[in-house]
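The values are calculated or read from the model by the stated rules, or taken from the named source; none is laboratory data. In this text, all values refer to a predicted model and were calculated from it rather than measured experimentally. Heads up, the Cβs are rebuilt from the backbone with ideal geometry, glycines too, and the neighbour counts pull from every protein chain shown.
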Amino acid sequence: MTTVTSPPSGPGRTGTTGPRSSALGLRGLLILITLCGATFMTGLDYSIITVALPEIGRDLGFSSTGDLQWVATACLLPTAGLLPLFGRLSDLVGRRRLFVLGAALFTALSLVAAAATGPAMLITARAGQGIAAAMIGPTALALMTASFPEGPQRTKALGINGALLSLGFVTGTIGGGLITSGLNWRWTMMLLVVIGSVVLGGALTLLPASADERRASRLDVPGALLSGAGLFALVYGISTGADAGWTSAPTLTALIGAMALLGAFLVAESRHSAPLVPLGLLGRRTVKWSALVGLITFSMCGGATLLLSLYMQDVLGWSPLATGFGFLAEGAAALLAGALASRVIAARGTTAAMVTGLLVQAAGTGAMVLLPGDGNLPLLLLTSGLMGFGHVLAVVAFISTLTSGLRDDEQGVAGSLAQMPQFVGAIGVAGLAAVAGSGGSLLTGLHTALLVAGVTVLAGVLVAAVFLRPAPQR
């Protein structure tokens, strides 16, 4: 028997034991469309409903703006809180099975949301959509890493996936405005029903059952309860802090409780024989530092996008629909970055691609301090495009790093860890909003916050360059 030794893989340059070609083949392309369709659907959901909130409030009779915000928050909280649980369950009971269940639930509950007759029915359906999204996120990523071998094929798949995640947000902003203006808000949910049905059909016909699907013999229930409650409290405190006040009793209670619960979770994991999230996995250099990079790029891009929305609507006086079109450059640049990511990583390695993406994101974000009060459309498109391009390139590189070199039975947990920065990134959004509100005029505050965002992304460059530098090749 001849033993073939493959070159080592690492965060700097991804090795692979599979083919070096990035061609996916027809079946691989259809699988990728199914999995990326799920990613696009969940990304679309968060933005398309935001544009429709005013009409939803009038149609269903919400009593206050605070109550209306629960239409968005009710979906976000369970997704963030349940990601670790469903990431681990996917490794134990089968990723395809959990993905199909999540897609079916999301589609059905989108239909319930479209037919809602009152606030309680809509918010309940939205919470169910959040639970389903927590099933879809880590399983879609784990199925993607299992379907495409480590190397050019996986990098290409992750690039398309990252681009569609950002495109889902931009499309939701524009589509929500168009649908709400031309039809009504219920059709935003019906669009999700259509996409969900296509994803579900593709999952049932294309995705193979995992070879090691089995019932979980033992699940870390204490870890699931502590992590879920801790993440729920953290995202709740961040999401409601701006309205309730950062020093208010509910906000402080939520944030202090989150820290205590997450600390207890780490202690419980260190003592459990089959932990929900193995601490050895969390302690891996490629996992912990790339997750930090992911948190930085997601939080600063999300925060800067919010600030740009305020700039276009409150400073320039644009309508919500015009504001949606103002993000077209960011969406187009995200698609371009997703298409080019595999080539950049193949040529320079994941660490260099990560650093490049963060530098471009920092340059685009920092240059937004030049946006004037009377508007400059070319500068707006250029800076937002640079931010979108750099963000997606950094996202693809950090996910490639985080998921590389792991056992197959660790990919579900890794998928949940890779998804987590997207939701915990609300920390950065809240922080930048607070900075923007502390300035003199609105424009001055926005400029200050955008500068802070650019500098923070530069800190991410240092993290990637110092802690994720390529290991010496032997």
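Looking only at the stretch 438-472, residues that are small (G, A, S) and in contact (Cβ under 8 Å) with a residue 24 or more places away in the chain come to 8 in all.
When you check A367 against the structure, is it over 20 Å from L295 (Cβ atoms), aliphatic (A, V, I, L, M) and out of contact with any strand residue (DSSP E or B) (no Cβ under 9 Å at 6 or more places or on another chain), yes or no? So A367 passes the test. Across the stretch 197-222, the number of residues qualifying as modelled with pLDDT of 85 or more and in a helix (DSSP H, G or I) comes to 11. Assess whether L458 counts as being at pLDDT below 95 and touching a helix residue (DSSP H, G or I) at 6+ places or on another chain (Cβ under 9 Å). Taking the combined requirement at face value, the residue does not satisfy it.
The residue list T351, T305 contains one member that is within 30 Å of G151 (Cα to Cα) and among the β-branched types (V, I, T), which is T351.
Taken together, M121, M41 contain a single residue that is in a helix (DSSP H, G or I) and either among the β-branched types (V, I, T) or surrounded by 22 or more Cβ atoms within 10 Å (Cβ to Cβ) (or both), which is M41.
For the stretch 64-114, filtered to residues that are of a type in the set (S, T, Y) and without any contact (Cβ under 8 Å) to a residue 24 or more places away in the chain, the residue that is nearest to P54 (Cα to Cα) is T65. A count restricted to the stretch 222-240 and to residues that are under 18 Å from G431 (Cα atoms) and surrounded by fewer than 18 Cβ atoms within 10 Å (Cβ to Cβ) stands at 0.
Of everything in the stretch 51-62 that's in contact (Cβ under 8 Å) with a residue 24 or more places away in the chain and surrounded by 19 or more Cβ atoms within 10 Å (Cβ to Cβ), which residue is farthest from the chain's Cα centre (by Cα)? Only one residue tops the list, namely F62. Residues that are surrounded by fewer than 21 Cβ atoms within 10 Å (Cβ to Cβ) and either under 18 Å from F423 (Cβ atoms) or assigned by TED's automatic domain parsing to the domain that holds T79 (or both) within the stretch 241-250 comprise just one, A242. Y236 satisfies every condition listed in (1) of a type in the set (F, W, Y); (2) more than 29 Å from V396 (Cβ to Cβ); (3) assigned to a helix (DSSP H, G or I); (4) more than 21 Å from the chain's Cα centre (by Cα) except (4). In the stretch 317-332, the condition of being in contact with a Pro (Cβ under 9 Å, 6 or more places away or on another chain) and assigned by TED's automatic domain parsing to the domain that holds F423 is met by at least one residue.
Can you say whether A433 is within 23 Å of the chain's Cα centre (by Cα), crowded, with 23+ Cβ neighbours inside 10 Å and closer than 27 Å to D314 by Cα, as far as the supplied structure shows? So A433 fails the test.
None of A108, A116 is farther than 28 Å from G412 by Cβ and either surrounded by fewer than 19 Cβ atoms within 10 Å (Cβ to Cβ) or not hydroxyl-bearing (S, T, Y) (or both) except A116.
Yes/no matrix, rows are residues, columns are (1) in the same structural domain as V461 (by TED's automatic domain parsing); (2) modelled with pLDDT of 95 or more; (3) in contact with a helix residue (DSSP H, G or I) (Cβ under 7 Å, 6 or more places away or on another chain):
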| residue | (1), (2), (3) |
| --- | --- |
| G338 | yes, no, yes |
| A347 | yes, no, no |
| M368 | yes, yes, yes |
| L386 | yes, yes, yes |
| A397 | yes, no, yes |
| T401 | yes, no, yes |
| L406 | yes, no, yes |
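Residues that are buried (at least 21 other Cβ atoms within 10 Å of the Cβ) and not charged (D, E, K, R) within the stretch 78-93 comprise P78, T79, A80, G81, L82, L83, P84, L85, F86, G87, L89, S90, listed in sequence order.
Within the stretch 111-150, the set of residues being among the small types (G, A, S) and closer than 21 Å to A334 by Cα comprises G137, A140.
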